[in-house]
1. What distance in nm lies between label points placed 7 Å from Cα along the C-beta direction at L164 and R235?
2. Give a residue-ordered list of calculated ³J(HN,Hα) values for segment 287-293 (Karplus: 6.51 cos²θ - 1.76 cosθ + 1.60, θ = phi - 60°; whole Hz; x for Gly, Pro).
3. Residue by residue through segment 55-65, which ³J(HN,Hα) values in whole Hz follow from phi under the Karplus form 6.51 cos²θ - 1.76 cosθ + 1.60 (θ = phi - 60°), with glycine and proline marked x?
4. Where both partners of a DSSP beta bridge lie in the chain, what percent of those bridges are antiparallel, to the nearest 5?
5. So, in Å, what gap is there between the alpha-carbon centers of segment 198-224 and segment 42-85?
6. Relative contact order for the chain using alpha-carbon pairs under 8 Å, separation at least 6, rounded to a whole percent?
7. So if we plug the beta-carbon distance of T256 and H78 into 1/(1 + (r/R0)^6) with R0 = 41 Å, what FRET efficiency do we get, rounded to 0.05?
8. What list of ³J(HN,Hα) couplings, whole Hz, do you get for segment 179-185 from phi and the Karplus terms 6.51, -1.76, 1.60, once you set θ to phi - 60° and write x for glycine and proline?
Amino acid sequence: MGFLRIRTTVDERPGRLASLASALAERGGNILGLSVQSDTGGTVDEFVADIPAGPGVVREALEAAGGREVRVVPATAHELTDEPTRVLLLASRLRTMPWRLPELLAELLRADDARWIYGDAVSDLPDPTRLVVPVAAKRAVRLRRAELPFTLTEAARAAALARLAQPAAGQMGVERAVKLSDGVEVTVRPLTSIYREAVRDLHDRCSPESRRFRYFTAMPTLPPHMFDRLCDRNRGHSLVAGHDGQVVAMANLMFTPDPGIAEMAFLVEDRWQGRGLGVAMARMLVRAARDLGYAEVRATMLSDNARMRRLLVSLGATLGYTDDPGVVEARLPVGAMAAV
């Protein structure tokens with residue numbers, strides 16, 4: 001049959017990828033490329049393979065091996081180009097010709113069509129075969145690809161490439177002043193070990209309910225090992241908001257073993273809640289996740305945490321229940337906030 005691009009959604013279980021590879025090998029397939037992506041329905045494994053079997057046979061084999069939503073489309077030898085090299089070349093071209101962003105995004109994701117859109121069209125209804133990449137307020141690039149729906153990971157890749165065509169943003173490690181809804185100004189900085197006592201005092205001032213919403217238990221203090229973990233830049237990116245010599249809020253973005261996914265959580269002192277501080281820090285965390293290459297940010301919260309639920313929904317997150325009926329999970333695609 002020749003070269004095929006094969007994509008399937010799988011449950012994250014040990015040995016699942018090996019089962020899929022064995023199924024292709026049994027049909028005479030030679031896997032020449034592999035990527036693992038995050039998407040709303042689970043983890044997506046994508047193969048480029050030289051295989052004599054037809055698409056129908058390949059689809060049946062992978063479904064029998066545990067694959068879901070299997071899609072098989074023709075590929076070419078050109079698609080075997082080293083992927084990091086290909087992306088770097090696209091980035092180099094974009095730096096010299098930013099006006100060609102739609103064309104280069106189409107090359108990046110192998111889309112059928114790409115064009116600028118403006119105004120209300122930027123907020124088109126969701127369609128898995130259409131990807132809208134925000135570039136600025138009321139300005140975006142819309143991509144279409146009929147045979148393979150776009151994944152969250154591809155949305156994150158597109159957002160990262162689009163950043164090269166935009167003005168440079170402030171670095172994550174630089175402090176930033178934030179004016180709240182009542183006009184009061186706070187300063188947001190990266191969390192480091194020098195804030196150990198200030199974070200302890202923050203926990204002391206928070207009500208048991210605020211601590212319960214953050215930790216699922218009314219934790220009176222933050223254990224030293226947990227504080228050290230939040231400060232570890234190899235494990236995440238955390239922020240603190242300060243006013244008048246006190247830390248009044250803490251926001252944490254933690255890396256996870258799941259490909260392309262990070263988790264965030266917040267603790268805001270009671271008297272600072274409802275003033276826009278949580279939203280401002282959430283946006284900073286999402287921007288940090290985007291710049292670090294994540295496709296999706298997730299947050300788990302108690303079902304009675306109405307304030308947190310409203311905050312995340314306002315940013316575009318979708319809510320769903322977990323195996324624990326008292327716990328809700330929010331999922332926010334990072335690419336949707338590329339221009340925030």
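Any read-out appearing in this document is the output of simple, stated calculations on the displayed coordinates, not a laboratory observation. Computed from a predicted model, the values in this text were never measured in an experiment. Here the Cβ is made from the backbone with ideal geometry for all residues, glycine too, and neighbour counts use every protein chain on show.
1. Distance between label points: 3.4 nm.
2. Per residue, the Karplus-derived 3J(HN,Hα) values read 4, 4, 4, 4, 5, 8, x Hz.
3. x, x, 5, 4, 4, 4, 5, 6, 5, 5, 8
4. Numbers: 70 of 73 bridges.
Looking only at bridges with both residues in the chain, the antiparallel portion is about 95 percent.
5. When both Cα centres are located, 48 Å separates them.
6. Numbers: 625 pairs, mean separation 44.9, N = 340.
Relative contact order, the chain: 13 percent.
7. Values: r = 34 Å, r/R0 = 0.83.
Calculated value: 0.75.
8. 8, 7, 4, 9, x, 6, 10
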